[in-house]
Every structure is written in C-alpha cells, then in structure tokens.
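**Q** My questions will all concern the structure given below.
Each value in this text was obtained by applying a stated rule to the coordinates, not by laboratory testing. Because the structure is predicted, anything quoted here is derived from the model rather than measured. A quick note on method: Cβ atoms are made from the backbone with ideal geometry, for glycine too, and the neighbour counts reach across all protein chains shown.
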Amino acid sequence: MSIRKLTVLTTVALILLAACTSASPGSSPGGSGAASGCLVGASFNDYDQERWAKADEPQFKKAIEAAGGTYTRTDAKKSSEQQLTDIDNLIGQGVKVILLLSKDTDVIKPALDRADDAGVKVIAYDRLVEDEREFYMSFDNPTVGKVIAETIMGLVPSGNYAIIKGDKTQTNPLFLSQGFDEVTKPLVDSGAIKIVAEENIDGWKPETAQSTMEQILTANNDNIQAVLSQNDGMATGVTAALGGNKDGKVKIGGQDADKAALNRVALGTQVVSVWKDATELGKKAGEAALELCKDPDITKVTGAEATKTSGGLDSTSVLLAPVPITKDNLQTILDAKWLTKDELCKDVPAGTVSVCG
C-alpha cells in the first residue's frame, strides 16, 4: 500500500473515531455529539409578526445552542421570491435542518426539492407545506378554529356573522375554517345564524382586515353581531372598523394571544384569543431539529404522529393543544409570564376584571 493511501485511510479512521466518541450520554435530544457542528437555519417569510421574536425564535436558539449547535435566521420580508433565494443561501451555508415559515407553499416547492437533493431536512413550522417529505410542527389548528367559534357562539347563538380568514395562499386558513365550519354549519343549516361575509385577507394584514370589515359593515347596515377572525392581528383591524367596539356589542374572536388582543379581552372588546404557547412549540422545534441532525428519519422525532395534510397527503407531525383565553382565565396567561399585568390591564376600569384589581 502506498504512503498516500495509508495516510488517507488513517485520516478517515481518525474522523470516524472522533465522530463516534463525541456523543455523551444524558445529552439533550440529538445528543451533544449530533448537535456539535449542527447548523440549523430558520427561513421566515414575515419576521415582523410579534410572536416570532418574542417567543418562537428565542426557544429555537436556546434549544439548539444549549446542545452545541448553531442557529441562523433569514427574513424574506413577505417576498416568496426572496424566500427561495434565502433557502438556497442557507443550503449553501451548510445547514442540516431548515425551520421553514413559508407564505406560498406552491412557490416554495422548488427550494424544497433543492433542500432534499442536498440532504437538508425541512421542518414546516406552524405553516403546513403540502409535501410528504417535510416534518410539520404546529398547533392543532382545526381545534383552534373550533374553540374560537364555540366561544363566540356560546354568547351569540343567533344573528349575523362575519368571518375574516387569513391569506388564501396558505394552508392554515383551511384548517381554521375546518374548525369554524364544524361549529357553525348546524346553526347555519337551522337558520339560527347567517354568515353574511367570509373574506380572505392577503398577508393577514390588519389594515386590510379593517378596510374589509368596513365594507362588510356598510353592506349590512352595521347589522353584525359576531366576527370570527383567524388571528389577533386581523381582529385588531376588525375592532378598529367597529370604532374600538368599546361597548363590546359585537363579539370578536381571534388567536395568537397578542398583547393588544389580550388587553382587549380584559377590556371586553374582544371575547377570546386562543393562546398557542409558542415558547413550548419553539422549544420542541429546536429539539426536533437536533434529532434530525442525528437521524434524518422524520418518523422517529419525539412525539411524531402520522397525520394528513389539508390536501390529503400523508404527513408526519407534532401538533400541540391550544388554550382559549377569556376573561375567566386571564390569570393563566399572567402565570405563564406571557405579558405583564400592566400590559394586560391597561385602561381596564377597576373592579371589572378580577386579575386587574
């Protein structure tokens, strides 16, 4: 054997020995050996949403970096074309896993193909991608929609309803609508309620939700008793269209537990905000990324279950349970330190809500 071949074989043996001996027992998911050198990239389509910087991303980083991995982030600023470029750049940087928060699941498909070719695993985070290869992590979104509708209908069992839905290019609005429909259909069929408007809002923009709600009010001579909004940002726009809804006459529901929305719950201008504990979801996503660095088999990720996508494809997912927040359980959100008492109780009249004094 030549000296050159012997040197190459010795080097390979040393690398393999180092890889085998670097893992330590009792480490976090993925193991410190698996996490060492594990670069995880997050590709955000819209980093400007309140919860990403507040809850999700800090938990990504904490879980990944605590185990010896490295975290990086890109923000496409709502441009699907930019997100395609961002994903290519992450692949070029050598990421092993991408946490993907996409906008348009059809546009993003070519980047998923390139990630797959490069051996990069993709976690579709909180926004489903219609692709059997990707691991989906979110909350049980049909249940989110169901909880919003059940809460509102418990207060308004008859009357005119408006439904404000998210971006039609995304799959989450489909899941949320599925939950809405499960509750509303029997009452619509019986004639107890009438859905006078059902509109998608491009980019989930609060200002578009406001102008859309203003048009709905005009078309119906302000005769609206309830609004099912698929998130709190759009509920902010709905509330603005109602002049602040200060008397709470129109019952509004949303989700995400945004600070402004929780304050509205305390004020009585919004009835419910479904809390999806994004800190827990972010933590689990970081841990899942580390596991995929060690073993790319998505079916072996802790807590993974076989599910179906909205389009009927086989999927592997981790779905967490949501918690509806109303005036009756505001203490839950304070105990979780999701926001401060001052933020929750801003402008709330004394004696109207127990947690605010």
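**Q** Give me the angle, in degrees from 0 to 90, between the Cα long axis of helix 172-190 and the longest principal axis of the Cα atoms of the chain, rounded to the nearest 10.
**A** Compared with the principal axis, the helix lies near 30 degrees.
**Q** Gaussian network model of the chain, Cα springs within a sub-10 Å range: biggest mean-square fluctuation belongs to which of Ala235, Ala226, Ala321?
**A** Looking only at Ala235, Ala226, Ala321, the largest GNM fluctuation is found for Ala321.
**Q** How much net charge surrounds Val122 when only other residues with a Cβ under 10 Å from its Cβ are counted (Lys, Arg +1; Asp, Glu -1)?
**A** -1
**Q** Where does the charge balance sit around Gly311 when Lys and Arg score +1, Asp and Glu -1, over other residues with C-beta under 12 Å from its C-beta?
**A** With Lys, Arg at +1 and Asp, Glu at -1, the net is -4.
**Q** Further question on the same structure: Under a Cβ-Cβ cut-off of 12 Å, what is the net charge of the residues other than Ser229 that fall near it, where Lys and Arg count +1 and Asp and Glu count -1?
**A** Every neighbour counted, the sum reads -2.
**Q** Find the relative contact order for the chain and round it to a whole percent, using C-alpha pairs within less than 8 Å whose residues are 6+ positions apart.
**A** Result for the chain is 18 percent.
**Q** One-quarter of the Cα convex hull surface for the chain, in nm²?
**A** If I average the Cα hull's projected area over directions, I get 20.4 nm².
**Q** Determine the alpha carbon to alpha carbon distance for each of Lys146/Lys346; Lys205/Lys251; Lys103/Lys246; Lys103/Lys249 and list only those over 32 Å.
**A** Lys103/Lys246; Lys103/Lys249
**Q** Still on this structure: Using Cα centres only, tell me the gap between the range 263-278 and the range 124-176 in whole Å.
**A** When both Cα centres are located, 16 Å separates them.
**Q** Treating the Cα atoms of the range 110-244 as identical point scatterers in vacuum, please give the log10 of the normalised Debye intensity I(q)/I(0) at q = 0.13, 0.15 Å⁻¹, two decimals.
**A** -0.60, -0.74
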